[in-house]
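The structure under discussion appears below in the form of structure tokens.
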Amino acid sequence: ATGDIKAWVGGINHKFFKFDHVKQGTRQPGSTFKPFVYGLAMESGYSPCHIMKDYSPTFKVPGGSWSPPNFDGTKGSGEEMTIRQAMARSVNSITAQMMQALGPENVVEFANRLGIDSKLDAVPSLCLGTSDVSLFELVGAYSTYVNNGIHTRPIYITRIEDKNGNVIENFVPKTRQSINEQTAFKMVYMLMGGVEESGGTSQGLPIEVRKDNEIGGKTG
């Protein structure tokens, strides 16, 4: 809620390697990008209970076509499942269908609203996390969901004092209402599916973390 960062580990040893993997470094987020596709789906009126079929759609791309396979290399089992189950199991084919229905440009706009500032390519494969982002951006964007739709830019300095304790500067986190509370609530429920749904990929979290806790997660 505050945006305060509790810990920041940018590398193994700053003395020898002065590169920050949290904010400077960007990488393909992979499946951790999928909650932005489903977040737009929730905002667009979809329900977590909406049923879809596991099959790989075909996109027209320069030089031909593209049909994304699932993790197991298949183009879909034909199984019906809710989109909560699909996100929990990280099913590529259903995420791609959702991207096809919503449009890559709209997904980019939604992710930008939630705090992803890195350049995102508005292409079909974006749904599988092919554009580089930073960990700093991802943490801030995910926090929007658990913060009732308010994006709070993470901060690591709250104030600067002189040696006598006089405050030289105060820093207040920048906030904005990025999505409405209903969309945020539905996405928290969607993320909890990673632990609660059969086959959820976040069930690998330690039992000590999950016990007596409300936990959501997304692998990638």
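The values are calculated or read from the model by the stated rules, or taken from the named source; none is laboratory data. Small disclaimer: the values here were computed from a predicted structure and weren't measured. Reconstructed Cβ throughout: ideal geometry from the backbone, glycine too, with neighbour counts over all protein chains shown. Just so you know, the surface numbers come from the protein's heavy atoms only, side chains and all, with ligands and any DNA or RNA stripped out. Shrake-Rupley method; radii C 1.70, N 1.55, O 1.52, S 1.80 Å.
At a glance:
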{"read-out": "Per DSSP, loop GluC sites (Glu not before Pro) in the stretch 167-220 with at most 14 further Cβ within 10 Å", "value": "Glu214"}
{"read-out": "Rounded to 10°, Cα long-axis angle of helix 104-113 versus longest principal axis of the chain", "value": "20"}
{"read-out": "Low-density loop cleavage sites - trypsin sites (Lys or Arg not before Pro) in the stretch 1-47, where at most 15 other Cβ are within 10 Å (DSSP)", "value": "Lys6, Lys15, Lys18, Lys23"}
{"read-out": "Pairs of lysine residues in the stretch 25-176 - Cα separation under 30 Å, sequence separation of 8 or more or cross-chain", "value": "11"}
{"read-out": "HN-Hα J in Hz across the stretch 131-145 - Karplus 6.51, -1.76, 1.60, θ = phi - 60°, x for Gly and Pro", "value": "8, 5, 9, 9, 4, 4, 5, 4, 4, x, 5, 4, 4, 4, 5"}
{"read-out": "Percentage, to the nearest whole number, of Cα pairs in the stretch 122-182 over 14 Å apart", "value": "69"}
{"read-out": "Option label - Cα extents along the principal axes in Å computed here, alternatives [x] 68, 45, 33; [y] 56, 40, 37; [z] 56, 38, 32", "value": "[x]"}
{"read-out": "In degrees, nearest ten, helix 92-102 long axis to first principal axis of the chain (Cα)", "value": "80"}
{"read-out": "Percentage relative contact order, the stretch 6-111, counting C-alpha pairs under 8 Å, at least six apart", "value": "27"}
{"read-out": "Helix 181-196 axis, angle to the chain major axis (alpha carbon atoms, nearest 10°)", "value": "70"}
{"read-out": "Selected from Tyr142, Tyr55, Tyr156 as most flexible by GNM, with the chain as the system and alpha-carbon contacts under 10 Å", "value": "Tyr156"}
{"read-out": "Percentage relative contact order, the chain, counting C-alpha pairs under 8 Å, at least six apart", "value": "25"}
{"read-out": "Fraction of accessible area attributable to carbon and sulfur, the stretch 35-168 (%, probe 1.4 Å)", "value": "52"}
